[in-house]
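A.B. asks: My questions will all concern the structure given below.
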Amino acid sequence: MDLTGLPPGPAETEVFQKGGYAALIDRLLASPHHGEQWARHWLDVARYSDTKGYVYAREEKNWVHASAYRDWVVRALNEDMPYDRFLLLQIAADQVVPPGSPDLAAMGFLTLGRRFLGVTHDIIDDRIDVVMRGTQALTVACARCHDHKFDPIPTRDYYALYGVFQSCAEALVPCAEGEDAVLAALVKKNRELMTKRREEQMARTRARAADYVAAQKDLEKYPEEVFGQILDEKDLNPFIVHRWTAWLEKHPGMALTEEVLRRPDSPAFVPDEPIANNEMYFPTNVVVELWKSQGEVDRHLLKNAKAPAHATILVDRAQPVTPRVFNRGNPLTKGEPVPRQFLSLFGPQKPFARGSGRLELAQAIVDPRNPLTARVMVNRLWQHHFGRGLAGTPSDFGRQGSPPSHPELLDWLAAEFMRSGWSLKHMHRLMMMSQAYRRTGSKDGAAADPDNRFLAYMTPHRLSFEELRDAWLQAAGFLEARMGGRPESLFGSGGLRRTLYCQVDRENLPAVMRTFDFANPDLSIPQRTETTVPQQALFGLNHPFVVRLARGMIRSAAKEAADASGRVRYIYQRLFQRDPTAEETAAALAYVQAFEPVILAKADTSKAWRYGVGEWDEASGRMKDFAVIPHFTGHAWQGDEEFPNARLGWAQLTAEGGHPGNDRRHAVVRRWVAPAEGSYELKSILVHEPEAGDGIRAFVGHSRLGKLFSVELHASKADLNLPEVVMRAGETLDFVVDIGGGLNSDQFLWAPQISARNLSAGSGGDESAVLWDARRDFAAQPKTSLDAWEQFVQVLMLSNELMFVD
C-alpha cells in the first residue's frame, strides 16, 4: 500500500509468504503503479486541479495542460528522476530543455493554481507559496504585507521573489509530437486576431498620447487597481494611464515622437503575449472576443484526444521588472525597489542577472549547499511511510513549525539522499528495509510514548480515499490498469480507472471527496486531515458504485467457487489477502442462509416509471425511439456523472421536471407503463419559466392511440389534464419535451399525476386508491435491494480490516 497504493492479489501474497522481502520492495518500486501512488502525494503539495476555479464565462474553465503535468509527475517518479532535476524542471524547464520536449509539462507545478479572476498579485502570491512551502517548507507568503512575525523573512524577500514571477508570462506550447490541421488553423486564427487587436490598441494609445499625459494631473480619476471595470474603446484605460505615469517619471522631458511611442518600452506598447497576460490593455469587448478565440483553441485540445499534448509554461519577458515593496501589501502604496534575488536568510545574496532570474532561483533551491531542500523531501517520504514526518509540520520548518523528533536522523537522511544522486527510490528502499519500518503492531511500552514518536511499534493508518476506492476496484476485479490521459468522472459510466485519473474540479469538488478528506486543490496541502463522520459510512451503504462492486465480486466468486464455503474463502482472499477462520466461515454461511427477502407492504408505484431520450415523430404522434437514460446521480437521471456530458448533453430528468437534450433527436421522455387494463385520470401542469431563449415543445403520447397533447411554451404554463384515458396492461403514456427553435434556457417543470378510475377485475386487488405521482415516485428511483451475499460483501468492504493498514 505504501509503494503502489494497491493491495496485493492472492498470488502476490503467496509469493511474499515464501520469503524475499528485499526482492518484494524492488519489484514494487519497479511497478508502474509506484509512480501513480507517489504522484498523488506530490500533487497534493502542487495543489493539483483539472480546472481553474471560478472564472468569467468568457474563459474556458478547464486547464488544457493538467493531465500532461499529472502524467509527467507519474513518469518522472517511475523513472526515478533525480529530485534536484525534478524540481529544476518544474520551475524552469523552458530554460533547460528544447522546445517541444515532454519535460515542458513539468511547469504545470507553477501554472495550475487558481486563476483568482485574473488578479495578477494573487496569482503570483500563489506561485511564491507553492514553490517556497513545497520545496523549502518556508511560509514566505506570510511576508506579503509585513515582515514575517516569526521567521527571518523580511517583506523585501517576498517582493524579490514577486519580481521573478512578475517578469514572466504564460505561454501555451506543445510538449509532444503530432500534427493537427484543425488545431493549427485555430492557433493561426487566434494569433492573427491578437496581432490585429494589439495594433489597434497601440494606435489608439499613440493617437491619444496628449490625453494620457493630461490625465497625469487627475490620477484619482483612474484607479490603478479596479475589480471588474468595464471599458469602452473611447475611454482612457486606467492601466495604461499608470504605465504613462511610470514612463514619464523614468523619462522626464522626452519628446513624444512617433518613433519613441513605437518602442517596446513605451507606454503605448502592448506586449505580444496571450490574453491571460495582457487583457488589462484592452477594452472590455475586445477582452471578451480574445478570450473566446483562446477558448476555441483550448476546447479543441480538451475534446480532441488525438491533439498533441500541450503545456502551459512560464517564459521570461524581454524586459524584467524591478519590483517594489507594496507597503502593507497594498499595490497602490508602493515602497522601495528591491532586486530579484534569493532569500536573505541563506546569507548575502547576489541579484539575479539572467532574465527574470527564475532559472537562478531554481538552481539556488537545488544547490546541495541549500540546507532545506533535501531535508524537506526526506521528511515528506518519512511522513508517508511512518504516518508522520520526523518534523510534524512538513511544509513549515520555521519557528512556528514542530521541531524534528530525531534531528540527527533527519540530517543523516538528507545527506544520504544527496549522496545517492537525489534518488527517491533509494530512499524508499532505505526506509523500508529499516528495522524501524518492519516492526510489528505490538504496543508494548505505549504508555511511556502514547504518540509513538519514537516508533516502538507500527502505527496503524487509515487508507486515503484514493487507496480505498482503488482497493475496492481491485478486489472486485474491475480496476482498469490503463495509465495517463484525460481525467474521467469519479462515478461515471466508465469510472473504473485509478482515482488518480478522476476529475478534480476545484470549484465543485465532489461531496464524497470532501467527505473522505481529499486535499483542498486551492492550496498546497502537505498532509491531509483525517476525520471520522457518519457520511463516510453512509456512502459505503448507499452509493450505487459500492453496490456495483459488491455485485461484481459476488459474480466472480460464483464463477471461481463451487460451493458456499468456497465463495466465502474467495471473498476473504480478495478483500483481506487471507483465508477466513472457521468461525468467520460459519458466521458467513449462517447469515446468507438465514436471510429472508423483504416483502413490500404496499404497491410500489415507482416501478411504473421509465426515464429515457428519443425523437418525437410528429406524423405518428409517438416516439420514433426510446433509449433509457443510463446514469442516476441520486437526484437526477442524465447521461453521465457530469452535467452536461458528452453522451447526452443537456438531457436530464428530475423529480420536478428536467431539461431536453441538445437537439430534437434527444427529447427527454418520462414514460409511464399501465399496470392493468382500465381507465385512468391524468393531472399535470407544464411550466417553462425563463424569459431567455425561444421556449420548448411538449407532447403527451399514447402507445396505441398516438398524440393526446401538443403544446409550445415560452415563459408560460399549460394545464395538461385528461379526465379519462383508457389503457391496456403494458401500454404507455410518454411525457415528452424537446427544444424550441434552438438550445437556450430550456429547463422546465412537469410532474404528472395519474390515478386509477376503473380497473378491470383480476388486476391485482383494490387498485382504485393508487396514485402514481411522478414527483413522489421519482424519489424512490432507483430501487436497489441487495440479496444476502451482496450485503455480506458490502459489510466486509466497509470493515476496519480493509480500511486500515496495521
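A.B. asks: Of the residues that make up the stretch 338-360, is at least one more than 29 Å from the chain's Cα centre (by Cα), part of a helix (DSSP H, G or I), among the aromatic types (Phe, Trp, Tyr) and within 30 Å of PRO154 (Cβ to Cβ)?
C.D. replies: Looking for residues that are more than 29 Å from the chain's Cα centre (by Cα), part of a helix (DSSP H, G or I), among the aromatic types (Phe, Trp, Tyr) and within 30 Å of PRO154 (Cβ to Cβ), one finds at least one in the stretch 338-360, hence yes.
A.B. asks: Would you mind finding the one in VAL325, VAL288, VAL321, VAL315 that is in a strand (DSSP E or B) and open to solvent by 40 Å² or more (accessible area, probe 1.4 Å)?
C.D. replies: VAL315
A.B. asks: Among the residues of the stretch 387-403, which ones are under 17 Å from ALA456 (Cα atoms) and open to solvent by 40 Å² or more (accessible area, probe 1.4 Å)? Steps first, please.
C.D. replies: Quick first cut of the stretch 387-403, residues under 17 Å from ALA456 (Cα atoms) only: 387-390.
Across the stretch 387-403, the qualifying residues are GLY387, ARG388.
A.B. asks: Take the conditions open to solvent by less than 30 Å² (accessible area, probe 1.4 Å) and either more than 20 Å from ALA788 (Cα to Cα) or modelled with pLDDT under 95 (or both) and apply them to SER606. Does it pass? If you could, list the steps in order and put the result at the bottom.
C.D. replies: On the way: open to solvent by less than 30 Å² (accessible area, probe 1.4 Å): yes; either more than 20 Å from ALA788 (Cα to Cα) or modelled with pLDDT under 95 (or both): yes.
Against the criterion (open to solvent by less than 30 Å² (accessible area, probe 1.4 Å) and either more than 20 Å from ALA788 (Cα to Cα) or modelled with pLDDT under 95 (or both)), SER606 qualifies.
A.B. asks: Right, next: Please tell me if SER606 is farther than 28 Å from ALA475 by Cα, among the hydroxyl-bearing types (Ser, Thr, Tyr) and in a loop (DSSP other than H, G, I, E, B). Please lay out each step first, then the result.
C.D. replies: Numbers: farther than 28 Å from ALA475 by Cα: yes; among the hydroxyl-bearing types (Ser, Thr, Tyr): yes; in a loop (DSSP other than H, G, I, E, B): no.
So SER606 fails the test.
A.B. asks: Search the stretch 478-488 for residues being within 13 Å of the chain's Cα centre (by Cα) and crowded, with 17+ Cβ neighbours inside 10 Å, and hand back the single one that is farthest from GLY35 (Cα to Cα). Break it down into steps so the answer makes sense when it comes.
C.D. replies: Looking only at the stretch 478-488, we keep the residues that are within 13 Å of the chain's Cα centre (by Cα), and these are 486-488.
Those left that are additionally crowded, with 17+ Cβ neighbours inside 10 Å: 487-488.
Working: PRO487: 17, GLU488: 19 Å.
Once the filter is applied, the top-ranked residue is GLU488.
A.B. asks: Same structure, new question: Any idea which residue in the stretch 212-231 is nearest to ARG262 (Cα to Cα), counting only those that are touching a Leu at 6+ places or on another chain (Cβ under 8 Å) and open to solvent by 70 Å² or more (accessible area, probe 1.4 Å)?
C.D. replies: That would be GLU225.
Okay, residues lined up against (1) open to solvent by 10 Å² or more (accessible area, probe 1.4 Å); (2) under 21 Å from the mean Cα position of the chain (by Cα); (3) of a type in the set (A, V, I, L, M):
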position: ALA105; (1), (2), (3): no, yes, yes
position: LEU112; (1), (2), (3): no, yes, yes
position: ARG115; (1), (2), (3): yes, yes, no
position: HIS121; (1), (2), (3): yes, no, no
position: ARG127; (1), (2), (3): yes, yes, no
position: GLY134; (1), (2), (3): no, yes, no
position: ALA137; (1), (2), (3): no, no, yes
position: ALA141; (1), (2), (3): yes, no, yes
position: ARG144; (1), (2), (3): yes, no, no
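A.B. asks: I've got another one for you. Test PRO8 against the stated conditions and say whether it is open to solvent by 20 Å² or more (accessible area, probe 1.4 Å), closer than 30 Å to GLY357 by Cβ and not charged (D, E, K, R). First the steps, then the outcome.
C.D. replies: Details: open to solvent by 20 Å² or more (accessible area, probe 1.4 Å): yes; closer than 30 Å to GLY357 by Cβ: no; not charged (D, E, K, R): yes.
So PRO8 does not fit the description; no.
A.B. asks: Still on this model: Hey, VAL73 hits all of (1) open to solvent by less than 40 Å² (accessible area, probe 1.4 Å); (2) touching a residue at least 40 places away in the same chain (Cβ under 8 Å) but one; which does it fall short on?
C.D. replies: If we test VAL73 against (1) open to solvent by less than 40 Å² (accessible area, probe 1.4 Å); (2) touching a residue at least 40 places away in the same chain (Cβ under 8 Å), just (2) comes out false.
A.B. asks: Restricting attention to the stretch 669-684, and to residues there that are within 48 Å of the chain's Cα centre (by Cα) and in a loop (DSSP other than H, G, I, E, B), which single residue is surrounded by the most Cβ atoms within 10 Å (Cβ to Cβ)?
C.D. replies: Looking at residues that are within 48 Å of the chain's Cα centre (by Cα) and in a loop (DSSP other than H, G, I, E, B), I get ALA674.
A.B. asks: Let me ask another. Pairs please, first residue from the stretch 764-780 and open to solvent by 30 Å² or more (accessible area, probe 1.4 Å), second anywhere and at pLDDT below 65 and not hydroxyl-bearing (Ser, Thr, Tyr), Cβ atoms under 9 Å, 6+ apart in sequence or on different chains.
C.D. replies: Hits for this filter: GLY764/ALA603; GLY765/ALA603; GLU767/ALA603.
A.B. asks: In the stretch 533-549, what residues are outside any helix (DSSP H, G or I) and either among the aliphatic types (A, V, I, L, M) or over 23 Å from the mean Cα position of the chain (by Cα) (or both)?
C.D. replies: So in the stretch 533-549, the residues outside any helix (DSSP H, G or I) come out as 533, 543.
VAL533, the sole residue that qualifies.
A.B. asks: Now, a different point. Suppose we filter the stretch 14-54 for residues that are β-branched (Val, Ile, Thr) and either without any contact (Cβ under 8 Å) to a residue 24 or more places away in the chain or open to solvent by 20 Å² or more (accessible area, probe 1.4 Å) (or both); how many remain?
C.D. replies: First, the residues of the stretch 14-54 that are β-branched (Val, Ile, Thr): 15, 25, 45, 51.
Imposing the further condition that a residue be either without any contact (Cβ under 8 Å) to a residue 24 or more places away in the chain or open to solvent by 20 Å² or more (accessible area, probe 1.4 Å) (or both) reduces the set to 15.
Residues that pass the stated criteria total 1.
Per-residue answers, yes or no, for (1) on the phi > 0 side of the Ramachandran plot; (2) outside any helix (DSSP H, G or I); (3) touching a residue at least 60 places away in the same chain (Cβ under 8 Å):
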| site | (1), (2), (3) |
| --- | --- |
| ARG514 | no, no, no |
| PRO521 | no, yes, yes |
| THR529 | no, yes, no |
| ARG567 | no, no, yes |
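A.B. asks: Tell me the residue from ASP71, ASP44 that is modelled with pLDDT of 95 or more and farther than 23 Å from LEU463 by Cβ, please. Walk me through how you get there before you give the answer.
C.D. replies: Working: ASP44 fails: farther than 23 Å from LEU463 by Cβ.
Result of the check over ASP71, ASP44: ASP71.
A.B. asks: Residues in the stretch 404-449 that are of a type outside the set (Gly, Ala, Ser) and either open to solvent by 40 Å² or more (accessible area, probe 1.4 Å) or over 37 Å from the mean Cα position of the chain (by Cα) (or both): how many?
C.D. replies: Of all residues in the stretch 404-449, those of a type outside the set (Gly, Ala, Ser) come to 404, 406-413, 416-419, 422, 424-433, 435, 437-440, 443-444, 449.
Narrowing the set further to residues that are either open to solvent by 40 Å² or more (accessible area, probe 1.4 Å) or over 37 Å from the mean Cα position of the chain (by Cα) (or both) leaves 404, 406-409, 411-412, 418-419, 426, 429-430, 433, 435, 437-440, 443-444, 449.
Summing the residues that are of a type outside the set (Gly, Ala, Ser) and either open to solvent by 40 Å² or more (accessible area, probe 1.4 Å) or over 37 Å from the mean Cα position of the chain (by Cα) (or both) in the stretch 404-449 gives 21.
The values are calculated or read from the model by the stated rules, or taken from the named source; none is laboratory data. Please read all numbers here as calculations on a predicted model, not as lab measurements. With ideal geometry, Cβ positions are generated from the backbone for all residues, glycine too; neighbour counts draw on all protein chains shown. We work out accessible area using only protein heavy atoms, side chains counted, and drop any ligands, DNA or RNA first. Shrake-Rupley method; radii C 1.70, N 1.55, O 1.52, S 1.80 Å.
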